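Data first, discussion second: the structure below is written as structure tokens.
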Amino acid sequence: MQHNKNTIWLIIIGSALLHGLIIYLSIPFTNYDLNSWRIGGESVLKGINIYPIVALRNLPFLPLFLYLEAFALIISSKIFTQIIILKIIFSFFNLCVIYLIYLLSKKNAYMTALYAFNPVSLLVTCFHGQFDSLPVFLILLCIYLIQKRRKTIPLLILSFAITLKTWPVLFCIPLFRLMKTKFTIRYIISSLTLLSIFPILCTAFYTFFFHANPLLIAKVVISYGGVVTIWGLSKGLFLLIGKNKILFFVLKLLFVVILFVFQIRNKEKSVFSQIYFAMVLFFVITTGFGIQYFYWIIPFALLSKKFSWYVYGAIFCTIVATYLSFMGVYISPLISESIPLFTWAVLTIYFLINIRSYNTKHLLRSFSLFNTKR
């Protein structure tokens with residue numbers, strides 16, 4: 001796409017206006033998560049420890065985001081409520097994601113515009129009010145700095161991303177591989193030390209000032225399994241055996257192992273393709289689900305360049321349909337129940353076809369814990 005130097009700013013300004021419009025239209029809207037942001041902010045201002053019971057129910061992550069909720073509550077007013085302020089912050093970081101996609105795509109304005117105006121990211125950020133734009137921005141910034149031959153700073157940024165939301169832990173392997181560093185014992189220890197800095201400091205700070213038990217904070221983060229009654233395999237298991245917490249926890253651990261093994265054995269050269277396929281696999285086998293998870297797949301889908309447009313369109317439409325079905329669009333219960341299952345099936349078929357297309361042997365090796373061939 002031919003463009004001048006001002007194209008990216010036109011895209012960002014246009015997207016910013018759309019962000020603002022959606023935030024305005026969402027003012028009457030509320031949901032469970034938005035109420036959780038209020039609870040989190042109030043608990044910090046009142047000095048109340050929310051771990052483990054309240055955190056597990058409403059805020060199942062490390063306490064860093066609680067301070068942002070409290071800050072938004074402090075500066076809120078009748079016009080700019082806490083939720084509006086938070087959505088503005090989330091939108092700002094989504095606009096930063098747009099600019100990073102522009103840089104990482106080698107200034108591809110067409111790809112940047114596709115992301116800037118895609119409804120999934122806009123709805124999750126501006127309407128639903130989820131903060132996924134913050135950790136995604138940090139991951140993309142980490143990749144950008146690694147490409148600039150930086151090593152220490154990207155690890156600290158990744159550490160901060162993990163402190164906001166533990167998701168980035170699932171996709172560390174492609175980032176380490178991108179650094180092209182020999183995995184010596186010394187390097188592994190130093191890297192893990194850098195990655196643990198912000199989670200440890202954040203937990204220690206909250207433990208000291210809010211008289212919390214750090215083990216209970218860790219328990220909340222580790223034990224959280226998402227919603228297991230509405231998506232793919234987990235929904236089928238739920239209908240068969242009910243919500244067996246021990247079984248679903250074991251399945252979550254198995255899912256994490258499969259995801260890590262797949263990433264270790266994945267032979268894709270592009271870091272974006274590696275993370276993209278890992279995310280698609282996540283949607284195929286996850287035992288927990290939230291509609292905000294869709295935010296993560298869009299930027300890496302575009303940057304990976306691993307899809308044909310008609311396949312991308314099919315996946316994109318099913319994701320949007322699933323999102324809208326969860327947002328309370330007035331459709332029959334049968335259709336509302338069927339849409340998430342259909343989306344899961346589309347992503348599953350897409351994953352299997354694409355992995356097979358690039359190398360069947362690598363697919364088999366990816367899931368083999370005992371294969372010693374390289």
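The values are calculated or read from the model by the stated rules, or taken from the named source; none is laboratory data. Keep in mind that this is a model prediction, so the values were computed, not measured. We place every Cβ from the backbone using ideal geometry, glycine too, and count neighbours over all the protein chains shown.
Kindly establish whether PHE205 is modelled with pLDDT under 95 and over 30 Å from THR343 (Cα atoms). Steps first, answer last, please.
Values: modelled with pLDDT under 95: no; over 30 Å from THR343 (Cα atoms): yes.
The answer is no for PHE205.
For region 103-116, does any single residue satisfy the condition of being touching an Asp or Glu at 6+ places or on another chain (Cβ under 6 Å) and surrounded by 18 or more Cβ atoms within 10 Å (Cβ to Cβ)?
So in region 103-116, the residues touching an Asp or Glu at 6+ places or on another chain (Cβ under 6 Å) come out as none.
The answer is no; no qualifying residue exists.
If you scan region 91-117, which residues turn out to be touching a residue at least 40 places away in the same chain (Cβ under 8 Å) and of a type in the set (Lys, Arg)?
LYS107
Please determine, by comparing only the residues of region 117-158 that are polar (S, T, N, Q) and in a helix (DSSP H, G or I), which one is surrounded by the fewest Cβ atoms within 10 Å (Cβ to Cβ).
Initially, region 117-158 is screened for residues polar (S, T, N, Q), giving 118, 121, 125, 130, 133, 147, 152.
Keeping just the survivors that are in a helix (DSSP H, G or I) gives 121, 125, 133, 147, 152.
Working: SER121: 25, THR125: 27, SER133: 24, GLN147: 13, THR152: 11.
Here the residue is THR152.
Residues in region 293-328 that are assigned to a helix (DSSP H, G or I), modelled with pLDDT of 80 or more and surrounded by fewer than 19 Cβ atoms within 10 Å (Cβ to Cβ): how many?
First pass over region 293-328, keeping only residues assigned to a helix (DSSP H, G or I): 293-304, 309-326.
This time we only want the ones that are modelled with pLDDT of 80 or more, so: 293-304.
Now narrow it down to the ones that are surrounded by fewer than 19 Cβ atoms within 10 Å (Cβ to Cβ): none.
The number of residues fulfilling the criteria is 0.
Report the residue count in region 199-223 for those that are surrounded by fewer than 16 Cβ atoms within 10 Å (Cβ to Cβ), at negative phi and in a loop (DSSP other than H, G, I, E, B).
Residues that pass the stated criteria total 1.
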